[in-house]
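Presented below is the structure to which this report refers.
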Amino acid sequence: MATLPSPLLDAVHDRVLSGLADLDGTELDGTDRALDQEIARRVVAYLRNTAETTVSVEEDGTTFVITGDIPAMWLRDSAAQLSPLLRLVAAGIGADEDRSVLVSLLSGLLRRHWQYLEIDPYANAFNRLPDSAHWDEDETEFENPWAWERKFELDSLSYGPDLAWRLWQATGDTSWADERFLPAARAILATVATEQHHEERSQYVFRRTGAPSQDTLAREGRGCLTTPNGLVWAGFRPSDDACELGFNIPGNHFLALALERLAELLEQVAGAPAEAAEARLRAGEIRAALREHALIDGPEGQPIWAYEIDGRGEHRFLDDANVPSLLSLPYLGCVDVEDPVQIATRAAVLSRENPYYYAGLFLEGVGSPHTPKDHVWPIAKSIEGLTTADREEQLRILAQLIRTDGGTGMMHEGVHIDEPTTFTREWFSWSNSMFCELALDLAGVGRDPHYPPAA
């Protein structure tokens with residue numbers, strides 16, 4: 001597994017501690033310094049744990065990242081797990097040679113993404129080697145020994161281009177743009193074009209015999225019937241649960257942004273103007289469709305974003321803890337945090353209007369149908385903090401997350417709102433990384449360069 005340089009981690013600890021101390025004299029004046037120390041300690045511990053237990057550098061120089069207690073690499077999770085490293089690079093923390101280690105890990109991860117996307121843009125999780133290891137038996141139209149699971153999720157196409165663009169913006173590094181980048185980009189574009197017309201053009205099916213409804217697709221693996229409208233169809237949500245309707249709205253928001261950023265990379269790094277033009281075209285189609293079809297009436301009559309629609313008049317409002325989510329759209333850079341539609345959407349998400357919002361003795365926030373009722377996800381709490389400008393609220397969330405870790409010192413998947421010692425997934429690296437994201441953000445580390453505001 002990988003190792004982060006000790007001087008770098010020492011510098012991170014000191015930078016977080018000083019950043020939190022700088023909040024004195026603001027609304028956080030008088031904050032308990034013991035809490036600052038614990039936040040800084042955990043950031044370092046989680047960064048070290050992610051590197052030493054989930055990250056491996058392969059012989060070809062690529063980076064393979066497991067989720068934690070599952071020995072496979074999700075495209076979504078892996079990019080999110082290493083995103084805090086980009087904040088450190090962007091903030092100039094540590095010596096040049098130490099930051100180069102971080103850039104190498106990020107570049108290696110992207111090159112592993114391109115490899116997987118070229119092999120199979122429909123798979124969500126992959127094996128380290130083509131050994132046919134898998135989560136469960138299922139039927140798809142394409143047998144792939146690299147795929148741990150072949151659930152088609154829009155974020156699988158989005159996280160790589162987004163991370164590449166942010167790394168390029170922060171450092172100018174283009175070592176990730178190897179011979180697989182352009183084929184991977186073409187695979188993304190072809191998949192987007194196909195799944196804008198899922199019923200007519202797609203060969204994708206996913207069936208899991210005997211599985212609960214959220215773990216397989218209806219209509220013999222085709223999913224719910226949809227009508228084309230410019231959005232891109234997905235079989236599964238970022239939770240790996242099946243979409244109830246075919247068009248996942250937060251996933252389409254993030255995909256549009258990722259395609260815009262991919263277009264810039266294709267044009268300025270890869271020298272591929274035709275592919276860049278296609279990426280911009282698809283992004284424009286998605287954005288237009290979102291404005292036309294994805295807005296619904298909120299509880300006070302104001303427009304808010306739906307979570308899913310089918311293009312045939314049906315919609316669902318909910319939000320799920322997994323990212324991309326409606327709550328996460330400003331964090332991802334898809335919308336402005338002060339956008340009136342997003343403000344209204346956020347209010348609805350963090351209320352009983354959302355069937356997966358729970359409140360109890362120790363926790364309140366967004367959960368997921370992927371986990372039991374009354375379980376709030378620390379990822380969603382971190383996102384809640386990352387999408388507010390209220391620094392006092394951010395600190396309150398960090399303190400709440402620390403108090404509700406079940407005595408393990410780690411973040412989990414879902415935590416019971418009344419019994420924090422009841423949780424799912426003792427080892428869930430993505431959740432640890434999102435704690436780091438919020439803590440680093442509050443301390444002012446890489447705040448602006450990390451996710452530039454949406455245009």
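Tabulated results
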quantity: Gly367 being of a type outside the set (S, T, N, Q), under 18 Å from the mean Cα position of the chain (by Cα) and either farther than 19 Å from Gly298 by Cα or surrounded by 21 or more Cβ atoms within 10 Å (Cβ to Cβ) (or both); calculated: yes
quantity: Verdict on Tyr331 being buried (at least 19 other Cβ atoms within 10 Å of the Cβ), part of a strand (DSSP E or B) and not aliphatic (A, V, I, L, M); calculated: no
quantity: Verdict on Ala347 being outside any loop (DSSP other than H, G, I, E, B), farther than 28 Å from Leu225 by Cα, touching a strand residue (DSSP E or B) at 6+ places or on another chain (Cβ under 6 Å) and small (Gly, Ala, Ser); calculated: no
quantity: Any chance Glu244 is more than 28 Å from Leu262 (Cα to Cα) and either buried (at least 19 other Cβ atoms within 10 Å of the Cβ) or in contact with a Pro (Cβ under 7 Å, 6 or more places away or on another chain) (or both); calculated: yes
quantity: Residue among Trp114, Trp168 that is modelled with pLDDT of 95 or more, out of contact with any Lys or Arg (no Cβ under 8 Å at 6 or more places or on another chain), more than 21 Å from Thr216 (Cα to Cα) and of a type in the set (Phe, Trp, Tyr); calculated: Trp168
quantity: Pairs where the first residue, in segment 290-308, is touching a residue at least 60 places away in the same chain (Cβ under 8 Å) and buried (at least 22 other Cβ atoms within 10 Å of the Cβ) and the second is outside any helix (DSSP H, G or I) and basic (Lys, Arg), C-beta under 7 Å, 6+ apart; calculated: Glu308/Arg316
quantity: Filter result (aliphatic (A, V, I, L, M) and under 23 Å from Cys436 (Cβ atoms)) within segment 350-393; calculated: Leu350, Leu363, Val366, Val376, Ile379, Ala380, Ile383, Leu386, Ala389
quantity: Neighbours by Cβ (under 8 Å, 6+ apart or cross-chain): first from segment 84-105, farther than 18 Å from Thr63 by Cβ; second surrounded by 19 or more Cβ atoms within 10 Å (Cβ to Cβ) and of a type in the set (Val, Ile, Thr); calculated: Ala90/Thr171; Ala91/Val445; Ile93/Val12; Ile93/Val445; Gly94/Val12
quantity: Qualifying residue in segment 158-170 (condition: among the charged types (D, E, K, R) and under 20 Å from the mean Cα position of the chain (by Cα)); calculated: yes
quantity: Some residue of segment 311-320 being surrounded by fewer than 21 Cβ atoms within 10 Å (Cβ to Cβ) and either free of Cβ contacts under 8 Å to residues at least 24 places away in the same chain or within 20 Å of Ala399 (Cα to Cα) (or both); calculated: yes
quantity: The listed residue being β-branched (Val, Ile, Thr) and more than 24 Å from Tyr159 (Cβ to Cβ), out of Thr371, Thr421, Thr388, Thr345; calculated: Thr421
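The values are calculated or read from the model by the stated rules, or taken from the named source; none is laboratory data. Because the structure is a prediction, the values reported are computed rather than measured. All Cβ positions, glycine included, derive from the backbone under ideal geometry; neighbour counts span all protein chains shown.
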